[in-house]
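Novice: Structure below; questions to follow.
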Amino acid sequence: MEIKPIEVIKGKPVPLFHDNIDTDQIIPKVHLKRVTKTGFGPFLFDEWRYLDDGSDNPDFTLNQPQYKDASILITGDNFGCGSSREHAAWALKDYGFKVIIAESYSDIFYMNCTKNALLPIRLPKAARTYLATFDEITIDLPNQVVKSPEQTFEFEIDETWKNKLVNGLDDIAITLQYESLIENYEKNN
């Protein structure tokens, strides 16, 4: 997946207010056979999205017409707990999510999101409940705010991750910024 800079994201939020959604619920292990980072979107929340016959579960939030093309997932506490599989971030990104807003995250899942240009934001329940009522909200990463048409909420993010996301950098791109120094070192050692 190409890392694109993130500055301002406008999108439709979709609420999935469950706590402790683990990585096996995000992307069940039976779908981890791919060797690329793409193609996992159809399996996102597989056991909740589909009925036993493979048809869409009409009761699941993501299958409801008003949430079609949602790009911001608003969810509960401890999102992404469980195993350390990076596939969970890949599935969310491949489905079309650009931002996740939760109370908290598993540390490894949080890092997997940032490494894949999927912006994880922490906000308290009252803010998340309020933001989920709008058809569109705006995330301004440089200013670290989430805006509804009526209210603005500030969020925290580590400056290192913010820099990487705003500039569209991954670890390889950062290393390549020092390419001439690396080449010089290799020539002299």
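Novice: Can you work out the Karplus-derived ³J(HN,Hα) for every residue in segment 120-133? Use 6.51 cos²θ - 1.76 cosθ + 1.60 with θ = phi - 60°, whole Hz, and x for glycine or proline.
Specialist: Result, rounded to whole Hz: x, 10, 9, 9, x, 4, 4, 5, 5, 4, 5, 5, 5, 8.
Novice: How many nm is it between the label spots at F134 and K68, if each spot is 7 Å from the Cα in line with the beta carbon?
Specialist: Between F134 and K68, the label points sit 2.4 nm apart.
Novice: Calculated from DSSP H runs of 4 or more alone, at -39500 (n - 2.57) each and per residue, what is the 222 nm mean residue ellipticity of the chain, nearest 500? Before the final figure, lay out the partial values.
Specialist: Numbers: 8 runs with 58 residues, N = 189.
The helix contribution divided over the chain gives -8000 deg cm²/dmol.
Novice: Specify the inter-centroid distance of segment 46-98 and segment 116-169, based on alpha-carbon positions, in whole Å.
Specialist: Cα centres, segment 46-98 to segment 116-169: 19 Å.
Novice: What's the FRET efficiency of V145 with S180 using the Cβ-Cβ distance as r and R₀ = 35 Å, to the nearest 0.05?
Specialist: So the FRET efficiency works out to roughly 0.40.
Novice: Can you tell me the relative contact order of the chain? Whole percent, Cα pairs under 8 Å, sequence separation 6 or more.
Specialist: Numbers: 343 pairs, mean separation 50.9, N = 189.
RCO, the chain: 27 percent.
Novice: Could I ask something else about it? May I ask which residue of V145, A70, Q177 lies farthest towards the positive end of the charge dipole of the chain, with charges of +1 (Lys, Arg) and -1 (Asp, Glu) on Cβ and the Cα centre as origin?
Specialist: Farthest towards the positive pole: Q177.
Novice: In whole percent, how big is the carbon plus sulfur part of the accessible area of segment 54-144, probe 1.4 Å, protein atoms only? All intermediate terms of the calculation are to be shown ahead of the outcome.
Specialist: Values: 1720 of 3650 Å².
Its accessible area is 47 percent carbon and sulfur atoms.
Novice: Given H placed on each backbone N at 1.01 Å, which residues far from Y50 in sequence or on other chains put an amide H within less than 5 Å of it?
Specialist: Here the answer is N57, since their amide H atoms fall under 5 Å of that of Y50.
Novice: For each pair in K33/K162; K37/K187; K98/K164; K12/K33, compute the distance between the two Cα atoms and list the pairs where it is over 25 Å.
Specialist: In this structure, K33/K162; K37/K187; K12/K33 exceed 25 Å between Cα atoms.
Novice: What are the DSSP H helices in the chain that stretch 24 Å or more along their long axis, judged by alpha-carbon atoms, and whose average Kyte-Doolittle hydropathy comes to at least 1.0? Write down the numbers at each step before the final one.
Specialist: Numbers: long enough: none.
Correct list, ordered by number: empty.
Novice: With no solvent and one point on each alpha carbon, what is the Debye value of log10 I(q)/I(0) for segment 114-168 at q = 0.12, 0.16, 0.28 Å⁻¹?
Specialist: -0.28, -0.50, -1.17
Novice: Give me the number: length gained by fully extending N163 to Y50, i.e. 0.36 nm times residue separation minus the C-alpha to C-alpha distance, one decimal in nm.
Specialist: Length gained, N163 through Y50: 36.9 nm.
Novice: Considering the chain as a Gaussian network with a 10 Å cut-off on Cα pairs, which listed residue, I72, I108, I139, attains the greatest mean-square fluctuation?
Specialist: Ranking I72, I108, I139 by mean-square fluctuation puts I108 first.
Novice: Run the quick spin-label model on T36 and T152: label points 7 Å from Cα toward the beta carbon, then report their separation in nm to one decimal.
Specialist: Here the modelled spin labels are 4.1 nm apart.
Novice: Below 11 angstrom from the Cβ of W90, what's the summed charge of the other residues (Lys, Arg +1; Asp, Glu -1)?
Specialist: +3
Novice: Here's something else I'd like to know. Roughly how big is segment 8-187's charge dipole about its Cα centre, with Cβ charges of +1 (Lys, Arg) and -1 (Asp, Glu), in debye to the nearest 20?
Specialist: Once rounded to the nearest 20, the dipole reads 280 debye.
Novice: Considering only protein heavy atoms, what per residue accessible area in square angstrom results for the chain with a 1.4 angstrom probe?
Specialist: Numbers: 10290 Å² over 189 residues.
Per residue, the chain has 54 Å² of solvent-accessible surface.
The values are calculated or read from the model by the stated rules, or taken from the named source; none is laboratory data. Small disclaimer: the values here were computed from a predicted structure and weren't measured. FYI the Cβ positions are ideal-geometry reconstructions off the backbone, even for glycines, and counts take in every protein chain you see. The area values use the complete protein model at the heavy-atom level, side chains included, leaving out ligands, DNA and RNA. Shrake-Rupley method; radii C 1.70, N 1.55, O 1.52, S 1.80 Å.
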